[in-house]
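Written below as structure tokens is the structure these notes are about.
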Amino acid sequence: MNEIKICVIGLGYVGLPLARLFSTKYKTVGFDMNVKRCEALMAGHDATLEVSDELLQDAINNHGFICTADIEEIRDCNFYVVAVPTPVDEHNNPDLTPLYGASTTVGKVINKGDIVVYESTVYPGVTEDECLPVVEKVSGLKFNVDFFAGYSPERINPGDKLHTVEKIKKVTSGSTPEIGKIVNDVYASVITAGTHLAPTMKVAEAAKVIENSQRDINIAFVNELSKIFTKMGIDTNDVLEAASTKWNFLPFKPGLVGGHCIGVDPYYLAQCAMTYGYNPEIILAGRRMNDSMGAYVADQTIKLMLKKGIQVLNSNILILGFTFKENCPDCRNTKVADIVKALNEYDLNIDIYDPWASPAIAKHEYNIDITNEIPTNKYDAIILAVSHKEFAELDVKSFGKENHVIFDVKGFLNKEIVDGRL
């Protein structure tokens, strides 16, 4: 290839950090359909907090990085990276709509000799069977003759300031061996942790989708243990702490499994398996277990209230945390919403305090009201759902009425003050 000019399509939690990193080495343009998002980024602030203002402004001012919603500004790129979400629908079926849209965009601008690399999580075969035919149709070019492709699964961990994009080893692949080497070289030039060149794009796709499926199944196992040990009157965290003294014990913790990866990827793998006539038992059993935990937390809290003689009807409940994980504003697929849904069946008054989450996003995406202000009311029950660092400084017990219940989903609080935890 001639001098590489990169376009990253999709400037969310995955695309923006990658585009910023590429801009330190190559001419880079970030493209997103959300005009307001692009304007905010060009003003020097990332609302997702994945890229600091300092790094973003340095990329813009010193490396010529731009973010745009204007397709004309990406026509002269020759290395396109697609980093759009791959969610599931209300029936947990893969929703490839964002990928089709991004592929259409690529098809409008791609030229002979260009490369398009997909980073979005998919099941094996999606890049070649679903995405590239769209690029071919829109562009009029022939795949692996006029243009080429690669797949390099994203490994972003939202909110993690230690394992940033350049410090996580990257799997790469290409549609031909020669293209695979080019794709690998481009990523290797900025990923300090190194790269692993997979033999095919399907292998790279499969590697990504099993990474989070494995974690999902392991968490499902300890969630089931939590349900069992609760019935036995044993503290699950104490059991896991004791078991972790064995050198090869895997230290997974029970909890809510949401977000854009672990709570979604197994459905992509399951869908793929079923298209080949195989019904995945363990994968879907793990999903059912983890998807049940929000309702379980609500039910356990109600049971604890009844044991303490607290009137449930019209009682006041405080939930601490709404995002899908701690110290991060990301509310995608948050399972705290499942707790709220289950509690609403009891006609309660629910307040949700989260210093990280956007009330506007919570309202728009879930029709749930949350606040960024520390509550001043007194509550019959408090549920710590997310272990934000700010909550370590709170006197959680002070939020309760004289007779109250505290349920700790994360095992975050001093267990002397809690009535129940996973």
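The values are calculated or read from the model by the stated rules, or taken from the named source; none is laboratory data. Because the structure is predicted, anything quoted here is derived from the model rather than measured. A quick note on method: Cβ atoms are made from the backbone with ideal geometry, for glycine too, and the neighbour counts reach across all protein chains shown.
One table, with the values for the structure above:
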| quantity | calculated |
| --- | --- |
| Members of region 372-395 that are of a type in the set (D, E, K, R) and under 14 Å from Leu413 (Cβ atoms) | Lys389, Glu390, Glu393, Asp395 |
| Top-ranked residue in region 136-167 [being assigned to a helix (DSSP H, G or I) and in contact (Cβ under 8 Å) with a residue 40 or more places away in the chain; ranked as nearest to Gly10 (Cα to Cα)] | Val165 |
| Every residue from region 350-406 that is part of a strand (DSSP E or B), of a type outside the set (Val, Ile, Thr) and touching a helix residue (DSSP H, G or I) at 6+ places or on another chain (Cβ under 6 Å) | Tyr379, Ala381 |
| From Tyr346, Tyr353, Tyr379, residue being more than 20 Å from Gly12 (Cβ to Cβ), modelled with pLDDT under 95 and buried (at least 17 other Cβ atoms within 10 Å of the Cβ) | Tyr346 |
| Yes/no for Ala270 being out of contact with any strand residue (DSSP E or B) (no Cβ under 9 Å at 6 or more places or on another chain), without any contact (Cβ under 8 Å) to a residue 24 or more places away in the chain and surrounded by 20 or more Cβ atoms within 10 Å (Cβ to Cβ) | yes |
| Scope region 321-349; condition among the aliphatic types (A, V, I, L, M) and touching a helix residue (DSSP H, G or I) at 6+ places or on another chain (Cβ under 6 Å); matching residues | Ala337, Ile339, Ala342, Leu343 |
| Among the candidates Ser189, Ser213, residue that is farther than 21 Å from Glu128 by Cα and modelled with pLDDT under 95 | Ser213 |
| Looking only at region 82-96, and only at residues there that are in a loop (DSSP other than H, G, I, E, B) and in contact with a Phe, Trp or Tyr (Cβ under 8 Å, 6 or more places away or on another chain), the one that is surrounded by the fewest Cβ atoms within 10 Å (Cβ to Cβ) | Asn93 |
| Tally of residues being surrounded by fewer than 18 Cβ atoms within 10 Å (Cβ to Cβ) and not in a loop (DSSP other than H, G, I, E, B) across region 99-135 | 7 |
